[in-house]
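The block underneath contains the structure these notes are about, expressed in structure tokens.
The values are calculated or read from the model by the stated rules, or taken from the named source; none is laboratory data. Since this is a predicted model, take the numbers as computed values, not measurements. Glycine also receives a Cβ, built like all others from the backbone with ideal geometry; neighbour counts cover every protein chain displayed. Ligands, DNA and RNA are excluded from the accessible area calculation, which covers all protein heavy atoms including side chains. Shrake-Rupley method; radii C 1.70, N 1.55, O 1.52, S 1.80 Å.
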Amino acid sequence: MAGSVNKVILVGNLGRDPEVRHTQDGSPIVQLSIATSDTWKDRATGERRERTEWHRVVIFNEHLCKIAESYLKKGSKIYVEGSLQTRKWTDNAGVEKYTTEVVLQRFNGELTMLDGRGEGGGDGGGFGGGNDGGFNQDNGGGGGFGGGAQGGGGSAPSGGSSGFDDEIPF
């Protein structure tokens, strides 16, 4: 293989509220603690088992920091894409320690909120954030590719006076 890949994708829940710090020049840095769980059925006992892993995530991207600070909270379900980095540090007793964390650099990385509006922020996304991803026969609007819950897309007949018997919207 000619090259190598350092890419991490996590889908999990925040274990605590985002921790925001600022560098000396005022740039924000956000630290997240994400829990991912793996469940399986124990072959010997037949009972359900679960293992939770905790991941440290550090965000250096200023725009993602603002989103994390404004919308994320403990329990929020998120998708994170970044790279693994290990850093060396010295504790108060003078002992050198190593920490491995997922890092979202200034121009690299991705953060997506997966919760609904009332749960943790965000609306799940989609092409234009539309309500049903296509034609809506109730109000004549379409949300698919147009960029709004009522605009763009196409419109379908809203009444039965069009003279067609089928429900095909085109």
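Quick look at the numbers
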quantity	calculated
FRET efficiency, 1/(1 + (r/R0)^6) with R0 35 Å, evaluated for Tyr79 and Gln24 via beta carbons	0.65
FRET efficiency, 1/(1 + (r/R0)^6) with R0 30 Å, evaluated for Ala93 and Glu62 via beta carbons	0.30
With all protein chains modelled, accessible area of Ser37 [1.4 Å, Å²]	70 Å²
Full-extension gain in nm, Asn6 to Tyr71, via 0.36 nm per residue minus C-alpha separation	20.6 nm
Proximal lysines to Lys77, defined as alpha-carbon separation beneath 23 angstrom and excluding residues fewer than eight positions away on the same chain	Lys7, Lys66
